[in-house]
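Scroll down for the structure; my scribbles are underneath it.
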Amino acid sequence: MREISHVEIMSSGHARGDRMVQWVVYFAAILVSAAFVWIVWDLVRGGIGHLSWTFLVESSRDAGRAGGIGAVLVSTVLVLLIALAVALPLGWATGALLAEYVPAAGGLGHTVRYSLQVLAAVPSIVFGLFGNIFFCVYLGLGFSILSGGLTLACMLLPILVSTAEAGLRAVPGAHRLSATALGMSRTATLWHVLLPAAAPALVAGLLLGIGRAMAETAALLFTSGYVDRMPDSLLDSGRTLAVHIFDLSMNVPGGDAPAYASALVLIAALLLINVLAMRFAAGWQRGKMVTV
Amino acid sequence: MIWLRHSISSPSASADTLMLWLLRAAAGVAASLVLLILFFLVAESWPLLMRDLPITHFVTDSSWHPDEGAYNLAPMLSGTLYAAGGALLLAMPLGIASALFITYYAPPRGADAYRRLVELLAGIPSVVYGFWGLTTLVPLINQLQPPGSSLLAGILVLTLMVLPTITLTAHAALVAVPGDYLRGAFALGMSRWAMVRGVALPAARMGIVAGAILAAGRAVGETMAVLMVTGNVVQHAGGLFDPERTLAANIALEMPYAVSDHRAALFVSGLTLMLLVMLLWSAAARMGRG
């Protein structure tokens with residue numbers, strides 16, 4: 001409000017300046033849209049020719065130049081499943097505690113929320129260093145799908161907690177009152193009333209987490225490793241799709257065509273997840289999830 | 001929220017107590033992760049940090065030659081700051097203009113579509129940005145001035161990557177400006193630009209700055225995309241077309257074969273990065289609250 005005093009000076013109808021600013025703003029929007037279209041167009045043009053069913057199911061040969069991404073996809077899914085199996089219960093439990101059991105401000109809730117916000121700001125390469133020293137070396141899991149999945153689980157926690165907390169807070173207080181009036185215990189209320197009511201938010205968070213995990217490269221380089229064979233167990237090293245793209249484009253001369261195709265697969269999967277997440281998040285924001 | 005302190009549902013109070021302790025344990029694990037990460041970074045850096053005192057030798061050593069025990073991180077620090085700074089310089093005006101477009105200038109449908117597009121831009125993985133930069137931007141820059149892999153390529157790719165953060169936080173800050181301010185400005189007969197510049201932007205200033213600081217944190221910590229397009233030569237870049245190497249890229253490049261002191265030096269880089277990002281984050285948090 002302090003700045004409003006000098007506003008009168010500017011208000012004398014500079015129609016021409018106004019029009020120019022409008023053009024600048026439109027130009028910025030067009031520039032950004034063009035960059036997006038350029039990226040997607042490049043990936044589609046470079047990758048579509050190499051894409052086929054056999055590319056999706058075959059294992060890679062000749063360092064990825066030939067063959068497909070079957071084994072890589074399996075490793076990606078395994079890393080993802082481990083990350084979610086660990087992060088979901090932890091994240092949703094923490095979200096439930098923050099939303100339902102502790103005061104919104106101060107004390108335990110404040111500490112937990114603060115440290116999770118810091119965790120969300122930690123660069124992924126630092127997660128990679130931590131995962132390498134803690135899971136691979138200290139816990140002795142080596143370069144393995146398990147190490148990679150656990151490292152990713154740490155990365156996913158903040159987003160799972162914050163979406164779960166926001167979703168639970170959006171459940172109307174009347175639900176809690178009714179449950180209490182019916183003599184339900186707090187655990188039963190949480191389990192049978194609040195979590196189902198917050199399900200769209202939980203699913204949106206889950207999808208965002210999957211998207212973030214699939215996009216991750218730096219944290220996995222030295223935790224789950226580079227090996228592109230079909231993994232035999234969770235203690236085998238396994239290469240995820242994002243790491244595969246990195247390796248093909250940086251370390252394999254002549255790997256551009258399969259790299260384009262892999263990037264296209266990754267982008268398509270992420271777009272799908274993003275659209276689904278937006279749909280769930282939109283439904284939740286409109287507050288239409290109260291169908292218990 | 002009503003029965004915050006005492007449960008009135010006595011039948012299964014013991015189950016509730018158990019549940020509460022389970023949730024507390026989960027939250028405890030989640031909250032202690034940051035400390036665990038810091039602990040391991042410090043523990044791994046400690047031998048090298050304490051061996052050669054003072055620790056300023058990380059910026060005064062002759063060069064970065066891990067085989068000879070020279071660990072000068074200064075070129076990587078400057079590389080990180082140049083790339084992040086350049087990206088912010090480009091992304092700030094673009095991002096704020098994008099936010100203005102969404103909030104005030106675009107027709108409702110256009111605003112919605114453009115916001116979606118920016119969110120999708122945020123969802124593109126950094127390795128894909130890097131790959132696109134490597135196959136599209138680097139050859140283009142190479143035509144201007146070889147070698148193509150350069151600070152400029154890094155800045156351009158980073159700009160695209162932090163743009164969504166700046167746009168979405170600035171948009172949120174602009175939406176939060178009280179409608180009365182805008183109606184008041186309108187009633188004074190102000191033009192749209194006068195309203196934006198004189199009322200909306202000053203009122204949303206804190207949120208916009210907080211978003212920019214968050215974006216800076218992201219740019220500083222970004223690894224893959226920068227690693228793939230900047231050429232990774234350890235040197236202070238003399239110009240936009242010179243190759244350079246960032247702290248994060250240095251870790252990703254040398255970690256696979258680093259041992260003993262060299263490895264510890266990489267953990268020192270990681271610790272530096274972590275502290276830098278935490279510093280930026282707490283500044284942004286303070287701004288956001290203020």
- Query: Applying the selection to region A:42-57, what residues are exposed (fewer than 12 other Cβ atoms within 10 Å of the Cβ) and within 11 Å of chain B (Cβ to nearest Cβ)?
  - Reply: A:Arg45
- Message: I'd like the full set of residues that are surrounded by fewer than 22 Cβ atoms within 10 Å (Cβ to Cβ) and over 20 Å from A:Thr94 (Cβ atoms), limited to region A:107-133.
- Response: A:Ile133
- Answer with yes or no whether B:Leu214 is at pLDDT 95 or above, crowded, with 19+ Cβ neighbours inside 10 Å and in the same structural domain as B:Tyr129 (by TED's automatic domain parsing). no
- Hey, among the residues in region A:71-91 that are in contact with a helix residue (DSSP H, G or I) (Cβ under 8 Å, 6 or more places away or on another chain) and of a type in the set (Val, Ile, Thr), which one's farthest from A:Met230 (Cα to Cα)? A:Val86
- Message: Can you say whether A:Ile30 is modelled with pLDDT of 95 or more, at the interface with chain B (Cβ under 10 Å from one of its Cβ atoms) and within 21 Å of A:Asp256 (Cβ to Cβ), as far as the supplied structure shows?
- Response: no
- Can you tell which of A:Ala188, A:Ala204, A:Ala174 is touching a residue at least 24 places away in the same chain (Cβ under 8 Å) and in the same structural domain as A:Glu216 (by TED's automatic domain parsing)? A:Ala204
- Message: Checking B:Leu140 against (1) outside any helix (DSSP H, G or I); (2) within 29 Å of B:Thr246 (Cβ to Cβ); (3) free of Cβ contacts under 8 Å to residues at least 60 places away in the same chain: exactly one of these is not met. Which one?
- Response: (1)
- Conditions (1) more than 22 Å from A:Ala204 (Cβ to Cβ); (2) more than 16 Å from the chain's Cα centre (by Cα); (3) within 7 Å of chain B (Cβ to nearest Cβ); (4) hydrophobic (A, V, I, L, M, F, W, C); number of the one not met by A:Val122: (2)
- Could you say which residue among A:Leu157, A:Leu206 is buried (at least 22 other Cβ atoms within 10 Å of the Cβ), in contact with a helix residue (DSSP H, G or I) (Cβ under 9 Å, 6 or more places away or on another chain) and more than 8 Å from chain B (Cβ to nearest Cβ)? A:Leu206
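One line per residue, one yes/no per condition, for (1) under 20 Å from the mean Cα position of the chain (by Cα); (2) among the aliphatic types (A, V, I, L, M); (3) closer than 30 Å to B:Phe241 by Cα; (4) within 11 Å of chain A (Cβ to nearest Cβ):
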residue	(1), (2), (3), (4)
B:Leu22	no, yes, no, yes
B:Ile55	no, yes, no, no
B:Phe58	no, no, yes, no
B:Leu77	yes, yes, yes, no
B:Leu94	yes, yes, yes, yes
- Find the residue count for region B:222-240, including only residues that are closer than 15 Å to B:Leu160 by Cβ and either among the hydrophobic types (A, V, I, L, M, F, W, C) or more than 9 Å from chain A (Cβ to nearest Cβ) (or both). 6
- What about B:Leu120, is it free of Cβ contacts under 8 Å to residues at least 24 places away in the same chain, within 10 Å of chain A (Cβ to nearest Cβ), in contact with a helix residue (DSSP H, G or I) (Cβ under 9 Å, 6 or more places away or on another chain) and crowded, with 17+ Cβ neighbours inside 10 Å? yes
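The values are calculated or read from the model by the stated rules, or taken from the named source; none is laboratory data. All values derive from a computational prediction rather than experimental measurement. As a convention, Cβ positions derive from the backbone with ideal geometry for all residues, glycine included, and neighbour counts pool all protein chains shown.
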